[in-house]
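Participant: One structure, pasted below without further comment.
The values are calculated or read from the model by the stated rules, or taken from the named source; none is laboratory data. All of these numbers come straight from a predicted model, not from anything done at the bench. Cβ coordinates were reconstructed from backbone atoms using ideal geometry, including for glycine residues, and neighbour counts include every protein chain displayed. Ligands, DNA and RNA are stripped out before the accessible areas are found, and what is left, the full protein with its side chains, is counted by its heavy atoms. Shrake-Rupley method; radii C 1.70, N 1.55, O 1.52, S 1.80 Å.
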Amino acid sequence: VGRILDAVEQRADADNTLICFFSDHGDHLGDHRAWQKESFFEASCRVPFLVSWPRKLSAGQRHQGLTALTDLIGLVSAASGEPVLREGHPLLANLRGEVPSRESLIGMYGTPGTRLFKCMVRRDHWKYIWLANGGRELLFDLATDPGETRNACAAEPEMAARLRAEAERLLAIREFTRPALE
């Protein structure tokens, strides 16, 4: 990576070169007694996502908004002059302060209606996870519980219901044939 960045810096157009560094997923290394990647705990879903474009973006900024890998297509296509969002958020415009950050982020793993299906809704500092295997619901307040060790469903039933309803709306919009959240 260092050699690539050195080569870019030697170019006359280095300040007009978009560089993105990201990972497709994290890995549990014993966190939550897990050793795989297929969960929505922070160890698995919070991944490095660095963007540099000196001519277009201020250096040293830390973006606090919710961002997903689905935003990459929009970021790269907007940089080329032909924005195509598909299911992403206009991240480049967001980083420039032209549009607000997305209000929520929804992720799914597996096929709805199967035991492996998982769904996550993230809104502000709240994270809701529904696990088809056992029909478990988890709710975490990441502001007070960044390690995701205290399920807040019982203490915050209104928030759990609100985020569950948001997941159900997405699943209905996607027109899945079998309901996932029962």
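Participant: Among residues belonging to the range 1-36 that are at pLDDT 70 or above and among the basic types (Lys, Arg), point out the one that is least open to solvent (accessible area, probe 1.4 Å).
Facilitator: Arg11
Participant: Is it true that Ser77 is buried (at least 16 other Cβ atoms within 10 Å of the Cβ) and farther than 24 Å from Trp126 by Cβ?
Facilitator: Spelling it out, Ser77 is indeed buried (at least 16 other Cβ atoms within 10 Å of the Cβ) and farther than 24 Å from Trp126 by Cβ.
Participant: Give the range 90-128 a look and list any residue that's aliphatic (A, V, I, L, M) and under 13 Å from the mean Cα position of the chain (by Cα), or say none.
Facilitator: Leu91, Leu105, Ile106, Met108, Met120, Val121
Participant: Within the range 103-136, can you find the residues that are surrounded by 14 or more Cβ atoms within 10 Å (Cβ to Cβ) and among the charged types (D, E, K, R)?
Facilitator: Within the range 103-136, Lys118, Arg122, Arg123, Lys127 meet the criteria.
Participant: Follow-up question, since we're still on this one. Could you check how many residues of the range 49-88 are of a type outside the set (Ser, Thr, Tyr) and within 11 Å of the chain's Cα centre (by Cα)?
Facilitator: Summing the residues that are of a type outside the set (Ser, Thr, Tyr) and within 11 Å of the chain's Cα centre (by Cα) in the range 49-88 gives 7.
Participant: Restricting attention to the range 99-112, which residues are of a type outside the set (A, V, I, L, M, F, W, C) and in a strand (DSSP E or B)?
Facilitator: Within the range 99-112, Arg102, Ser104, Gly107, Tyr109 meet the criteria.
Participant: While we're looking at this one, here's another question. Can you pull out every residue in the range 44-98 that is assigned to a strand (DSSP E or B) and under 30 Å from Glu148 (Cα atoms)?
Facilitator: The answer is Phe49, Leu50, Val51, Leu66.
Participant: Return only the number of the condition from (1) over 21 Å from Leu142 (Cβ atoms); (2) modelled with pLDDT of 90 or more; (3) open to solvent by 80 Å² or more (accessible area, probe 1.4 Å) that Pro100 does not satisfy.
Facilitator: Checking Pro100 against (1) over 21 Å from Leu142 (Cβ atoms); (2) modelled with pLDDT of 90 or more; (3) open to solvent by 80 Å² or more (accessible area, probe 1.4 Å), the one that fails is (1).
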